[in-house]
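Chemist: Right, I'll just put the structure down here and ask away after.
No value in this document is a laboratory result; all are computed from the given coordinates. Keep in mind it's a predicted model, so treat the numbers as computed, not measured. Cβ: placed from backbone, ideal geometry, glycine included. Neighbour counts: every protein chain shown.
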C-alpha cells in the first residue's frame with residue numbers, strides 16, 4: 001500500500017478538485033455498442049431494451065412504408081400468424097410463401113427482374129448464385145406477450161412509426177410507456193410479471209441473455225444510472241414494493257449487513273484519495289466500515305497509525321500523518337490537534353488510544369498536566385453536567401481527592 005506525506009489545506013483542496021474532475025469524466029464517458037446488422041437500420045435502443053429485445057441481424061432490403069402505402073395491404077397479409085399467436089417465442093416474420101402471393105419469384109431464374117420485383121438480390125443484398133442466402137437472426141425476446149390477446153389493438157399502437165419506415169427493427173418494438181397506457185391496473189394488470197419473465201420466487205428476472213434488465217426510471221422514477229448505488233436510499237423508502245419486484249431482501253442485506261462490500265462502490269484508486277471523504281464525513285464511512293478493525297488495521301499495517309511496529313514506518317517528516325507542531329503545547333507550535341479534537345474527537349480515537357491523550361493531559365504523577373478543558377472549566381455548568389452524568393470519566397485523569405469534584 002502506498003502512503004503519501006501529509007499535505008496542506010490547499011493541497012487537500014487540489015486533491016478534492018482532481019477527484020471531482022475524474023468523477024465528471026467518468027459520468028460523461030459512454031460505451032459504444034456495435035450492433036450487428038446496423039446497416040439494415042437496427043440502431044441500439046437505450047436502456048434495458050437491449051436486454052428485453054436482444055441484438056438482431058437483418059440482412060434484408062424491405063420497405064414497410066411502400067407496402068402499407070398501397071392501401072390494399074394490411075399487416076396480417078404478410079404476418080399471417082400474428083392474430084392468433086399467444087407466445088412471444090413465435091416466429092411471425094413472413095416467409096417466402098407470403099411474398100410469392102405478389103412477387104412471382106422463380107428460383108430457376110434468380111436474376112430475372114419483373115414487376116413487382118422478383119430478383120433475389122432485390123431483397124437479399126449481396127446475394128450470389130454460388131452462395132447460400134444470408135439468413136436473418138432474430139433472438140427470442142425476454143418477455144411474455146400474446147398477439148391474440150391484443151388483436152383488437154391497432155398494430156401501430158404498439159409498433160409506432162412502422163407504417164412510415166423501411167425495414168422494421170427493434171426501434172419499432174413496443175416500449176413500456178406504450179404498454180402502461182392500458183396496463184394501469186384498471187384496464188389491464190399493472191404487475192411487472194404480467195409481461196416480464198419471473199423466477200421461481202415470482203420476482204422479475206434481471207439477468208437475461210441480452211444483458212441485465214436495468215430500470216430507466218420511466219415507471220418508478222428510480223433510474224438505475226451512475227451513482228444510484230449510493231443514492232438509492234430515498235427511492236427505496238418510497239418505492240419499497242417496486243424494489244421488491246426485482247430484489248429479494250437478501251440483496252439488500254448482502255451490502256448493508258454483509259462483511260464483504262461491493263468493490264464497485266468506490267471509484268478506482270479510492271484508497272489514495274479516501275482521506276478527503278473520511279475527514280469530511282466520517283459517519284458515512286462507518287455505515288459500512290468498522291473503524292476499530294477496518295480502518296485501524298489498515299493504518300497500522302501501512303505505518304500511518306500510532307500503535308505498534310510497522311515495516312512501513314519511516315522516521316522524519318515524510319513518515320508523519322500529522323504536520324510538524326500538530327500537538328505542541330505551550331505555544332511552541334501551531335497545536336492544531338486541540339481544535340480538531342474539540343470538533344470531532346471520534347476522528348482522533350480512530351487511531352489513538354486514551355493513553356496517547358493521557359501522556360500530556362493527565363494529572364497523574366509523571367504527566368504533563370496540560371488541561372484539555374480551558375480556563376474557567378472547574379465549577380462551570382458543563383463540568384457539573386458531565387460529572388453528574390458519568391463521574392467515573394473524570395477519574396481517568398484526576399486521581400487526587402481535591403481535584404475530583406467541580407466545587
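Chemist: Percent relative contact order of the range 143-199, based on C-alpha pairs within less than 8 angstrom and at least six residues apart? Mind dumping the intermediate values first?
Modeler: Working: 31 pairs, mean separation 22.2, N = 57.
RCO, the range 143-199: 39 percent.
Chemist: Over the range 180-266, what number does the Rg to Rh ratio reach, with both radii from the alpha-carbon atoms and Rh per Kirkwood? Don't skip to the end; give the middle numbers.
Modeler: Numbers: Rg = 14.3 Å, Rh = 14.5 Å.
My calculation puts Rg/Rh at 0.98.
Chemist: Using 0.36 nm per residue of separation minus the Cα-Cα distance, give me the extension gain between residue 271 and residue 290 in nm, one decimal. Numbers along the way, then the final one.
Modeler: Values: separation 19, 0.36 × 19 = 6.84 nm, distance 1.58 nm.
So the extension gain works out to 5.3 nm.
Chemist: Once you have a ≥ b ≥ c as the square roots of the Cα gyration tensor eigenvalues for the range 193-237, tell me rounded if a/c is under 1.5, and otherwise prolate or oblate according to whether a/b is larger than b/c. Intermediate values should be presented prior to the final figure.
Modeler: Details: a/c = 2.07, a/b = 1.68, b/c = 1.23.
Since a/c reaches 1.5 and a/b is larger than b/c, the shape of the range 193-237 is classed as prolate.
Chemist: Distance from the Cα centre of the range 194-218 to that of the range 106-154, in angstrom?
Modeler: 30
Chemist: Based on the Cβ-Cβ distance from residue 129 to residue 100, what FRET efficiency comes out when R0 is 22 Å, to the nearest 0.05? Could the numbers behind the result be given before it?
Modeler: On the way: r = 20 Å, r/R0 = 0.90.
My answer for the efficiency is 0.65.
Chemist: Diagonalise the Cα gyration tensor of the range 222-290 and give the resulting equivalent ellipsoid semi-axes, square root of 5 times each eigenvalue, largest first, whole Å. Spell out each step's value before the answer.
Modeler: Working: eigenvalues 120, 37, 28 Å².
Values for the range 222-290, descending: 25, 14, 12 Å.
Chemist: Now a separate question. How many percent of all Cα-Cα pairs in the range 358-407 sit more than 13 Å apart?
Modeler: Numbers: 696 of 1225 pairs.
Every Cα pair in the range 358-407 considered, those over 13 Å come to 57 percent.
Chemist: In what order do 153, 399, 273 fall by count of nearby beta-carbon atoms within 10 Å, going from fewest to most?
Modeler: Details: 153 11, 399 14, 273 18.
Ranking 153, 399, 273 by Cβ neighbours within 10 Å, fewest first, gives 153, 399, 273.
Chemist: Percent of Cα-Cα pairs per 10 Å bin, from 0 to the last occupied bin, for the range 153-303, please list those.
Modeler: Whole-percent P(r) values from 0 Å outward: 8, 28, 27, 18, 12, 6, 2, 0.
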